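J.: Handing you this structure, nothing more for now.
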Amino acid sequence: MEKFIPVVVIKELAETDKILTALKKSGINCAEITFRTSCAAEAIAYAVKNYPDMKIGAGTVINASQCNAALEAGATFIVSPGLSPDVARICNEKNIPYYPGCVTPTEIMAALDLGITTVKFFPANVYGGLKALKALSAPFPQVRFIPTGGVDRSNIDEFLAFDKIAAIGGSFFVKEALEKMEAEK
């Protein structure tokens, strides 16, 4: 798994090249393209075809229909803001990593019942950040977390120093990569 998972919102397919090129130039070879827009599946298919060296996943996947569309487009991992047993089942059947949003002990236990041991912790800043992750790790030592929401350059090193962090997710990676690319012009 990549250490950084940029949360990418593609509003128009034409943005895909600019964003993915900027990420690659910043040394990030992963993108979680969200299902928040009508062109998400098309953007995932385009990214998979044109950026074969990048790990392309689908984010904000909230139901089986979106999951199937993302997988048909070629997504190699699925991320949700919450836990969907239907999405978990599909991903398990197809041997695709699924990272559901889980912030309570009950949600984490439900994920464990589905065989999931790496979960998205979203929004991290609202649900207690690193302090909450450390507390949750005590009863769930087998669980690793992908904090997203409220993680940025001011606190990323603190999160990365905790051994239960599988990766960091965030849209700030995209903003930084685009700003860096523009500055280099």
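The values are calculated or read from the model by the stated rules, or taken from the named source; none is laboratory data. Computed from a predicted structure; not experimentally measured. Neighbour counts run over all protein chains shown; Cβ positions are idealised from the backbone, glycine included. Note: areas computed on protein heavy atoms with side chains; ligands, DNA, RNA excluded. Shrake-Rupley method; radii C 1.70, N 1.55, O 1.52, S 1.80 Å.
J.: Among the residues in the stretch 38-50, are any touching a strand residue (DSSP E or B) at 6+ places or on another chain (Cβ under 8 Å), in a loop (DSSP other than H, G, I, E, B) and modelled with pLDDT of 95 or more?
T.: Within the stretch 38-50, not a single residue is touching a strand residue (DSSP E or B) at 6+ places or on another chain (Cβ under 8 Å), in a loop (DSSP other than H, G, I, E, B) and modelled with pLDDT of 95 or more.
J.: Which one is surrounded by the most Cβ atoms within 10 Å (Cβ to Cβ), of the residues in the stretch 128-155 that are among the aliphatic types (A, V, I, L, M) and out of contact with any Pro (no Cβ under 9 Å at 6 or more places or on another chain)? Steps first, please.
T.: First, the residues of the stretch 128-155 that are among the aliphatic types (A, V, I, L, M): 130, 132-133, 135-136, 138, 143, 146, 151.
Now drop any that are not out of contact with any Pro (no Cβ under 9 Å at 6 or more places or on another chain), which leaves 132, 135, 138, 143, 146, 151.
Details: Ala132: 18, Ala135: 12, Ala138: 7, Val143: 21, Ile146: 24, Val151: 26.
Selected residue: Val151.
J.: Of the residues Glu93, Glu158, Glu107, Glu176, which is closer than 22 Å to Thr16 by Cβ, open to solvent by 30 Å² or more (accessible area, probe 1.4 Å) and of a type in the set (Asp, Glu)? Working first, answer last.
T.: Numbers: Glu93 fails: closer than 22 Å to Thr16 by Cβ; Glu158 fails: closer than 22 Å to Thr16 by Cβ; Glu107 fails: closer than 22 Å to Thr16 by Cβ.
The match here is Glu176.
J.: Between residues in the stretch 1-28 that are open to solvent by 60 Å² or more (accessible area, probe 1.4 Å) and residues that are of a type in the set (Ser, Thr, Tyr) and at pLDDT 95 or above, which pairs lie under 6 Å by C-beta distance while being six or more apart or on different chains?
T.: Within 6 Å, the pairs are Lys11/Thr37.
J.: If I go through the stretch 28-47 residue by residue, how many of them are under 19 Å from Ala177 (Cβ atoms), of a type outside the set (Ser, Thr, Tyr) and touching a helix residue (DSSP H, G or I) at 6+ places or on another chain (Cβ under 9 Å)?
T.: Going through the stretch 28-47 one residue at a time, the tally reaches 8.
J.: If Ala58 satisfies all but one of (1) out of contact with any Phe, Trp or Tyr (no Cβ under 8 Å at 6 or more places or on another chain); (2) under 28 Å from Lys25 (Cα atoms), what's the number of the condition it fails?
T.: Tallying (1) out of contact with any Phe, Trp or Tyr (no Cβ under 8 Å at 6 or more places or on another chain); (2) under 28 Å from Lys25 (Cα atoms), Ala58 fails exactly one: (1).
J.: Here is a list: Ala70, Ala47, Ala75. Which entry is within 17 Å of the chain's Cα centre (by Cα), closer than 18 Å to Ala167 by Cβ and among the small types (Gly, Ala, Ser)?
T.: Answer to the check: Ala75.
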